[in-house]
1. I'd like to know if the range 156-174 contains one or more residues that are closer than 29 Å to Gln96 by Cα, modelled with pLDDT of 95 or more, in the same structural domain as Ala94 (by TED's automatic domain parsing) and in contact with a Pro (Cβ under 6 Å, 6 or more places away or on another chain).
2. Name the pairs: first residue in the range 20-43 and closer than 14 Å to Glu90 by Cβ, second residue among the acidic types (Asp, Glu), Cβ to Cβ under 7 Å, at least 6 apart or on different chains?
3. Tell me, yes or no, whether the range 185-200 has at least one residue that is farther than 25 Å from Phe137 by Cα and surrounded by fewer than 17 Cβ atoms within 10 Å (Cβ to Cβ).
4. Taking Phe99, is it surrounded by 12 or more Cβ atoms within 10 Å (Cβ to Cβ) and in contact with a helix residue (DSSP H, G or I) (Cβ under 7 Å, 6 or more places away or on another chain)?
5. Going by the conditions given, is Tyr106 modelled with pLDDT of 95 or more, assigned by TED's automatic domain parsing to the domain that holds Asp76 and surrounded by 14 or more Cβ atoms within 10 Å (Cβ to Cβ)?
6. Would you tally the residues in the range 132-162 being under 21 Å from the mean Cα position of the chain (by Cα) and assigned to a loop (DSSP other than H, G, I, E, B)?
7. Of the residues Asn244, Asn303, Asn237, only one is at negative phi, within 19 Å of the chain's Cα centre (by Cα), at pLDDT below 80 and surrounded by fewer than 17 Cβ atoms within 10 Å (Cβ to Cβ); which?
8. Going residue by residue through the range 72-80, is there one that turns out to be at pLDDT below 90, crowded, with 17+ Cβ neighbours inside 10 Å, in a helix (DSSP H, G or I) and of a type in the set (D, E, K, R)?
Amino acid sequence: MTLIETFSMTEFKEKYINPFTDYGFKRLFGEEPNKDLLLDFLNELLKDQEGRITELSYLPNEKLPISVGDRKAIFDIYCTNEKGEQFIVEMQKAEQKFFKDRTIFYSTFPIQEQARNKDKFWNFELKSVYTIGILDFEFEESDPNKYRHDVKLTEQETKKIFYDKLNYIYLEMPKFLKTEKELETGFDKWMFVLKNLPKLDRIPVELKENIFLKLFEVAEIAKMKPEEYQQYEFSINAYRDLFNIQNRAFEKGEIKGEIKGEIKGKIKGKIEVAIKMLEKGLEISLIGEITGLTDTEIRALKNEL
């Protein structure tokens, strides 16, 4: 028996995988046999803008400039539909500095990719690009009752849409509070299952539809092969490390807000958090994004360990 085969499938209390892990997200949405799950999610999310998407093709996400550090907190899928429109679907676990700037920056790469695919007489006609962020955190100073944000370029005075081919949709998952009995639409059901999947020990009656029955089957931990289980174990451990570190930082007031008279203590707290993250083996770039310390400062701390 191999080392992988000796893992006990009872180590996890959860019955279903956590989609806010790298492995969980890719298992549900990033594998060819399960492409119908991603297709249904996008159709429920975008049906008012897009109509019905009938086909999706995965594109190599290496074309998106996400660094190694980012990949500990951000998982992405890059795909195109039958009309040539492109979609970046991200699952992000932790709040980042300059988060909105980064998503705007990433959305320019599918645009550039369209240009590279044209001949020298390109007439600059673009296909739509959608950037979809499934967020395990809340924006600062946002409406507590609004969990979906649809963003386009608008004309300031008239508030009319100026350009409709560049689309950003952000889903603040912690704000979605509907219960099983309150689910009305297909979009509601997707939001519920993505937020609550690892907490469920059964399939809710409201989700006993073919697409969700398949999702629960794919997500069941007990049905994983040993090597799949090992990948998930590594992924869930990384998730828990990041979650615990972030929670401790927020509790100590070391990430959010700058309070006058406490700056000195805050910097000390950031250093303590950075040291703990270094001990966990997290990337310097990610530590900088969470703590606000510079790469030089973090490397100096690393050299002292």
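The values are calculated or read from the model by the stated rules, or taken from the named source; none is laboratory data. Here the structure is a predicted model, which means the values were calculated and not measured. No Cβ is skipped: glycine too gets one built from the backbone with ideal geometry, and neighbour counts run over all protein chains shown.
1. No, every residue in the range 156-174 fails to be closer than 29 Å to Gln96 by Cα, modelled with pLDDT of 95 or more, in the same structural domain as Ala94 (by TED's automatic domain parsing) and in contact with a Pro (Cβ under 6 Å, 6 or more places away or on another chain).
2. Final answer for the pair search is Phe20/Asp136.
3. Checking the range 185-200: not a single residue is farther than 25 Å from Phe137 by Cα and surrounded by fewer than 17 Cβ atoms within 10 Å (Cβ to Cβ).
4. no
5. no
6. Selection size over the range 132-162: 12.
7. Asn244
8. yes
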